[in-house]
Amino acid sequence: METVTTQVPALDKIIRIFDYLSDKNGATFSQIYQALGLAKSSTSSLLNGMTAHGLLRQHNDKYYLGLRLCELGNKSIEQFDIKNIARPILISLRDRTNLTCHLGILQDESPVYLTKLESPQAIIIRSWEGKRLSLHSSGLGKALMAWLSNDEIDALLPEENLQRFTDKTIVSKTELKRELEVTRKRGWAFDDEEDTVGLRCIAAPVLNSQKEAVAAISISGVAFQMPEDKLDDMASLVKSAAQELACHMG
């Protein structure tokens, strides 16, 4: 593989270490710094830091590529071109529901819209690609959270009391966890004017083979566009769209 040099020497050295170990069944500290022509001191610091972050693992006196790389690689594959893969699915969902459709992922501690398809109706939902949402009051946020462990939810929402946006916002983490259990059982999340007065949202997770929510698809509209007697039928369409996207992503 051609060696690339950038203006970040430490990063260049890390990549060279990855490349070297990628076709080795482990290598010792001496083998690494001698083969790559690196200084002992900087190599030692890099190897210690990479091991601490799970990018490498150390067994006896050898270093190997770490499982964190596998995790990051899986995430990269899942998100690769997901917008283009999802677009025809979202178009079909929009045309069947006449509602605004979104595709989103959990980025850092917030749900983020990757794609928006506007409703053909005159009513406009104020959203945009790249918009960050509330975790606990949005349909997309609840769909992405419901398949996380309790510890992961606690890490995302460390406080018991949650911010109120409307009279319907769930403001207790304990109550939210009960809502997430319901979401998990039925396979879709619901924002019943919890984030914005007058707006409703149904969202369903895009699950990978490990049953992790790598993304979510949602439909949004004003309350009269999403009446109580139509919610189950609409939710079925959203779930089908999310499952179709999951199939396309393998």
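Taken over the range 118-158, the criterion of being among the hydroxyl-bearing types (Ser, Thr, Tyr) and either over 12 Å from Gly104 (Cα atoms) or touching a His at 6+ places or on another chain (Cβ under 9 Å) (or both) is satisfied by Ser119, Ser127, Ser134, Ser137, Ser149. Just one of the listed residues (Val206, Val214) is of a type outside the set (D, E, K, R), part of a strand (DSSP E or B), under 21 Å from Ile91 (Cα atoms) and at pLDDT below 95, and it is Val214.
Candidates in the range 231-250 are the residues that are free of Cβ contacts under 8 Å to residues at least 40 places away in the same chain and within 20 Å of Asn98 (Cβ to Cβ); of these, the one that is least open to solvent (accessible area, probe 1.4 Å) is Ala242. Filtering the range 175-196 to residues that are in a loop (DSSP other than H, G, I, E, B), in contact (Cβ under 8 Å) with a residue 40 or more places away in the chain and open to solvent by 40 Å² or more (accessible area, probe 1.4 Å) leaves only Asp195.
Candidates Gln163, Gln121: the one that is assigned to a loop (DSSP other than H, G, I, E, B), modelled with pLDDT of 95 or more and open to solvent by 20 Å² or more (accessible area, probe 1.4 Å) is Gln163. Of the helices (runs of 4 or more DSSP H) lying entirely inside the range 1-114, the ones with 1 or more residues being surrounded by 16 or more Cβ atoms within 10 Å (Cβ to Cβ) and at pLDDT 90 or above are found at 9-22, 29-36, 40-52, 82-97. Checking each residue in the range 204-217 for being of a type in the set (Gly, Ala, Ser) and within 14 Å of the chain's Cα centre (by Cα) picks out Ala204, Ala213, Ala215, Ala216. Candidates Ser138, Ser172, Ser209: the one that is open to solvent by 20 Å² or more (accessible area, probe 1.4 Å) and touching an Asp or Glu at 6+ places or on another chain (Cβ under 7 Å) is Ser172.
The values are calculated or read from the model by the stated rules, or taken from the named source; none is laboratory data. In this text the structure is predicted, and so the values were computed from the model without any measurement. Quick reminder, even Gly has a Cβ in these numbers, built from the backbone with ideal geometry, and neighbours come from all protein chains shown. Calculation scope for accessible area: heavy atoms of the full protein, side chains included, ligands and nucleic acids excluded. Shrake-Rupley method; radii C 1.70, N 1.55, O 1.52, S 1.80 Å.
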